[in-house]
Amino acid sequence: MLSPEDLTALVTRFAARAAAHDVSGEIALENLHDLKSAGLLCLTVSPAYGGGGKNLRDILPLLEQVAQGDPSTALIFAMQCLHHHDIATSSQWPEATRQMVSTAAVQDGALLNALRVEPELGTPSRGGIPATKLARKNGQWVLNGCKIYSTGSTALRWGLVWAATDEAEPRVGHVLVPLDAPGIRVEHTWDQMGMHATASHTVHFQNVVVADDHIVDIRSPADWKNQGTDTIMWHALCIASLYNGVALSAKNWLVDFLHARKPANLGASLATLPRFHILMGEIEGLLMSNRALIANWLQSYEAGQATPTDANLVKHLITENAISSVQKAVAAIGNPALSRTNPLERHLRNILCARIHTPQADTALAIAGKKALGI
């Protein structure tokens, strides 16, 4: 792990690059190179392969800090941490394949991410069989289909593709696919309001041959029920911490702005006005709540008492608090908040994307409500 001083310097560099990559929509490859050089792209890889073997308590504050520099970079980084934790702890992966991707992360900083969402299926978290199909042809596995919202697409070495077999009773699961393989095309479709530099484009697979030992975890749909609970919890808290980092950046910008802004008719900075004292108190309260939620949930997780239902509700609460804190800042200062020359406008666009990550609010709230009602 980096020293606090080195991490601060890293985040400062990311922040200086963020606006340009937000405009271009290109992944900040220099940020990923910096993460690799700092040894951060293998933090959750098993120590058996030279990785850091870090846990969620180590990862969450790091994601929060990286997101204060560039949340698009932080999201790609978060997925690397999440999925290498899965790989390190899975009993399903062929050992040679696990060793290959783990060693590549340690030695090369090679990136991977799960490619799951489809145009017709939507997010797999809501159920359904993927249209991306895996078929046995001439003694080989062949993959056909497409995935949308593929975060990090142009920088990934591998995609963990959620696919279904074309058997009479389909099996579903993860297929490891090198994204430079013949038959793969990245269509540049990502043009969202926020998180613009994640390059979450559409990836097409046309007759892509997949090695037998890259069929890493295929099961019947019924066998997936109640599986992956640790992954769900890691995902929820990683997303929550990332967007809390965006809210912290927005707060820090606001503090600087209120001190620097000195209207002629006031003769002092905006920071001297009582209404801004109240505003900052409201924002501090929201972010204090987030700190308490994360700390309390981590204690529960480490005690073996946490559940996906709780984790998803925590994700919802933290991201809504973070969004509210940024919206309060925007509403309070008017036009400067929405100027493309000020980072707060970018922070607002980025933080609104917190709501699109699985689970969406309706799912998190409904499941928590049913649990409370005992149904």
Which of (1) open to solvent by less than 30 Å² (accessible area, probe 1.4 Å); (2) over 30 Å from SER37 (Cβ atoms); (3) in contact with a Lys or Arg (Cβ under 7 Å, 6 or more places away or on another chain) is the odd one out, the single condition ASP166 does not satisfy? (1)
Residue ID - farthest from LYS251 (Cα to Cα), chosen from residues in segment 262-278 that are out of contact with any Lys or Arg (no Cβ under 6 Å at 6 or more places or on another chain) and aliphatic (A, V, I, L, M): ALA264
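Here is a yes/no grid of residues against (1) of a type in the set (A, V, I, L, M, F, W, C); (2) open to solvent by 50 Å² or more (accessible area, probe 1.4 Å); (3) free of Cβ contacts under 8 Å to residues at least 24 places away in the same chain:
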{"residue": "VAL11", "(1), (2), (3)": "yes, no, no"}
{"residue": "ALA15", "(1), (2), (3)": "yes, no, no"}
{"residue": "ALA18", "(1), (2), (3)": "yes, no, no"}
{"residue": "ASP22", "(1), (2), (3)": "no, no, no"}
{"residue": "LEU40", "(1), (2), (3)": "yes, no, no"}
{"residue": "PRO47", "(1), (2), (3)": "no, yes, yes"}
{"residue": "LEU56", "(1), (2), (3)": "yes, no, no"}
Kindly indicate the residue of segment 349-364 that is open to solvent by less than 30 Å² (accessible area, probe 1.4 Å) and in contact (Cβ under 8 Å) with a residue 60 or more places away in the chain and also nearest to ASP22 (Cα to Cα) among those meeting that condition. ASN350
Enumerate the strands (runs of 3 or more DSSP E) found wholly within segment 39-157, keeping only those where 3 or more residues are over 26 Å from ALA15 (Cα atoms) and either touching an Asp or Glu at 6+ places or on another chain (Cβ under 6 Å) or among the hydrophobic types (A, V, I, L, M, F, W, C) (or both). 133-137, 140-150
Take the conditions on the phi > 0 side of the Ramachandran plot and of a type in the set (A, V, I, L, M) and apply them to ALA199. Does it pass? yes
Pick from segment 217-250, criterion among the β-branched types (Val, Ile, Thr) and surrounded by fewer than 21 Cβ atoms within 10 Å (Cβ to Cβ), ranking: farthest from PRO308 (Cα to Cα): ILE218
Give segment 199-236 a look and list any residue that's free of Cβ contacts under 8 Å to residues at least 40 places away in the same chain and basic (Lys, Arg), or say none. LYS225
Search segment 259-274 for residues that are modelled with pLDDT of 95 or more and pair each with any residue that is open to solvent by 70 Å² or more (accessible area, probe 1.4 Å) and among the small types (Gly, Ala, Ser) when their beta-carbon atoms are under 8 Å apart and the residues are at least 6 apart or on different chains. SER269/ALA260
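The values are calculated or read from the model by the stated rules, or taken from the named source; none is laboratory data. Since the model is a prediction, treat every value here as computed from it, not as a measurement. Note that we place each Cβ from the backbone using ideal geometry, even for glycine, and neighbour counts take in every protein chain shown. These accessible areas exclude ligands, DNA and RNA; they are computed on the full protein's heavy atoms, side chains included. Shrake-Rupley method; radii C 1.70, N 1.55, O 1.52, S 1.80 Å.
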